[in-house]
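Working notes, beginning with the structure itself.
Read the figures in this text as sums done on the coordinates, not as results from a lab. Since the model is a prediction, treat every value here as computed from it, not as a measurement. All Cβ positions, glycine included, derive from the backbone under ideal geometry; neighbour counts span all protein chains shown.
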Amino acid sequence: MKIDRLIGILSVLLQKDQVTAPELAEQFEVSRRTINRDIEDLCKAGIPIVTAQGFGGGISIMDGYRMDKTLLTSRDMQMILAGLRSLDSVSGSGYYGQLMEKIQAGSSEFISGRDSILIDLSSWYRESLAPKIETIQDAISLKKTIRFNYYSPNGDTEREIEPYYLIFKWTSWYVYGYCLLRKDFRLFKLNRMDGITHVASCEGNREVPLPDLSSEKIFPPKDKVKALFDSSMKWQLVEEYGVDSFTETEDGSLLFEHEYADDEGLIAWMLSCRDKVTVLEPQRVREKLYQITSEIARRYEGEQK
């Protein structure tokens, strides 16, 4: 990730009197051209970097410059460390931990107060998630395709993709890349991926659009549901959709109206609410719920006799 590399380059420059572009390129496993662009970005951010050409030349920070409050405040540093700590929560290596130690060692004189933000991105699947993230990160850096088994509501498939972005969204991790099977860019949920392996070098320099991660794009509304919830479900409606998602009726029940993306997801949610909800619309969802609950009742009714 570019921000990680920029912080890493800055850390190196703060610790060494001078370093060359080829050395930085080798250390961060990128091209010299990428390092040159990174140095330009650091200069634009106000960091006084000096470059010297020819024999004995290299890249350095202007004499007398120190990483102090003129660049970052204590709160700025705490936010950076909070971000790195969140990435460390899903890292399969010690990279982010080492980076935090480097930054803290060089900036301890103006980091004050206790950490006020703690972010854990690992979810319930840390043991399986960290190796997947590391494998995908390596594939992106090496410009390799990855192959994996993918499990979705439409069935199990084997996919090969050119990975470009790792994304944390909607409380889950995803990889965004070009799917060689579908011949288009796709978003894949890491928890549904298994057996991830590197395959081959990516072909050519494909133009990669930034993923549109708006809910309207990924989960376009299909219809509108109208349902009546028991008052005991207020906390769940507030948690999922906010305090403005329902109105209280005279008998205390909650009238809920909201757009939704697919029938299967809506039905699964309504079933999880047990007898605390009655779907009023659409009719096809009511019929599907009746069919499913009738089948469940038939499976268990024999055991009650």
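Computed from backbone phi with θ = phi - 60° and the Karplus coefficients 6.51, -1.76 and 1.60, the 3J(HN,Hα) list for region 12-26 is 4, 5, 6, 9, 10, 5, 7, 8, 9, 4, x, 5, 5, 4, 5 Hz; x is used for glycine and proline. Rg/Rh, computed from the Cα trace of region 141-185 with Rh as the Kirkwood radius, has the value 0.97.
In this structure, the pairs whose alpha-carbon distance is over 32 Å, taken from Lys2/Lys234; Lys183/Lys276; Lys16/Lys143; Lys44/Lys183; Lys2/Lys224; Lys189/Lys288, are Lys2/Lys234; Lys183/Lys276; Lys44/Lys183; Lys2/Lys224. Hydrodynamic estimate: the Kirkwood radius of region 219-304 over Cα pairs, inserted into Stokes-Einstein at 25 °C and 0.890 mPa s, corresponds to D of 178 µm²/s. Distances between placed amide hydrogens fall under 5 Å for Leu280 paired with Lys226, Ala227, Leu228, all partners being 5 or more residues away or on another chain.
Given the Cα-Cα distance of Leu280 and Glu250 and 0.36 nm per residue of separation, how much length would full extension add, in nm?
Stretched out fully, the Leu280 to Glu250 stretch lengthens by 9.1 nm.
Using a Förster distance of 45 Å, how high is the FRET efficiency between Met62 and Glu240, based on the Cβ-Cβ distance and rounded to 0.05? That pair, Met62 with Glu240, gives E of 0.30. A simple packing score, the average count of other Cβ atoms within 10 Å per residue, orders the peptides 156-166, 235-245 as 156-166, 235-245, with the highest score first.
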